[in-house]
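The values are calculated or read from the model by the stated rules, or taken from the named source; none is laboratory data. Keep in mind that what you see is a predicted model, and the values were worked out from it rather than measured. Here the Cβ is made from the backbone with ideal geometry for all residues, glycine too, and neighbour counts use every protein chain on show.
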Amino acid sequence: MTPGGGSRGRTLLASIRLAVLQFLADPQWLVPSMIAPVVFGLVSYELFRGSGPNFALYAILGAGMMSMWGQTLYGSGWATGQDRELGTLEPTLSAPTPYLWVVLGRVVWNTVSGLIGGAIVYVVVLASYGHPLSVPNPLGFLAMFIFVIVTLASVGIVFAAWYVYTRYAGFVQNVGEFAFYVGTGCMFPVILLPFWTNPISLAFPPTWAVDALRYVSVPGYVGFGWGLWGDLAGAVATTAVYLAVAGTVFHRVEKHVLETGNLSEW
């Protein structure tokens, strides 16, 4: 491993470790990542109790996606917001290791903590259902679930980059949370929404990935007309675009800080 690669790896691990400690020290994050999704999952399950095992899977997948998405959205806003508030944004940006790796560590933990919330949703809803749920392709389901996490992380990194330019990250989070739950198809397929909303939804990588996840987990599922492989292609393409945009933005911000020494005008 090159020295630069080692420095980035240490920065990533240190960022993840600090994010874990901050999560444990501030229990308010338990609400969007672990408590609220369980409530939503139980409500949706109880409303449609007896609709069959496929709906139980819908409830579990939907609430699990809410857990990961909510934690990614909130955590990403705070990923740069905490540095701005504490006055550590400029020094961190001026460090030898690119700031993107610091943010990436925070976003990774935010997504993983959301995954833990998804596991809690699974256990609670399954206990209420009272019957074992079988997935036709367990390995494919696991691989697709990990891929969904990657797409969520890509969105989180873009949000973290964008929040550098605004002091209203909290406002954006509160307004956008439930809009994203609906728009990305967390609780129900996007195809059930008005057609004019589909292009907006498809601009987000998780929309494609969640639809693909339902193809491999829900028997007989019919989503977008292009099917599973079309979903995968769209998810890969949009994720690559998001990562490229985030890298470009952070590079521009780092260059600005190195030239001026501050972000006071942003």
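Could you please tell me which pairs satisfy a Cβ distance under 9 Å, a separation of 6+ or placement on different chains, a first residue in the stretch 186-197 that is loosely packed, with under 12 Cβ neighbours inside 10 Å and modelled with pLDDT of 75 or more, and a second residue that is part of a loop (DSSP other than H, G, I, E, B) and of a type outside the set (Lys, Arg)? From the stretch 186-197, the pairs are Leu192/Gly185. Going by the conditions given, is Gly247 under 30 Å from Thr92 (Cβ atoms), part of a helix (DSSP H, G or I) and at pLDDT below 80? Taking the combined requirement at face value, the residue does not satisfy it.
Taken over the stretch 39-63, the residue count meeting the criterion of being over 14 Å from Phe188 (Cβ atoms) and either modelled with pLDDT of 70 or more or in a helix (DSSP H, G or I) (or both) is 5.
Listed conditions (1) crowded, with 19+ Cβ neighbours inside 10 Å; (2) free of Cβ contacts under 8 Å to residues at least 60 places away in the same chain are all met by Trp109, apart from (2).
Hey, can you tell me all the residues within the stretch 124-140 that are modelled with pLDDT of 80 or more and touching a helix residue (DSSP H, G or I) at 6+ places or on another chain (Cβ under 9 Å)?
The initial filter retains those residues of the stretch 124-140 that are modelled with pLDDT of 80 or more, namely 139-140.
Answer for the stretch 124-140, where residues must be modelled with pLDDT of 80 or more and touching a helix residue (DSSP H, G or I) at 6+ places or on another chain (Cβ under 9 Å): just Gly140.
Here Ala79 fulfils each of the conditions (1) closer than 30 Å to Tyr215 by Cα; (2) modelled with pLDDT under 70; (3) part of a helix (DSSP H, G or I) apart from (1).
May I ask you to say which residue of Gly220, Gly227 is in contact (Cβ under 8 Å) with a residue 24 or more places away in the chain and at positive phi?
On the way: Gly227 fails: in contact (Cβ under 8 Å) with a residue 24 or more places away in the chain.
Result of the check over Gly220, Gly227: Gly220.
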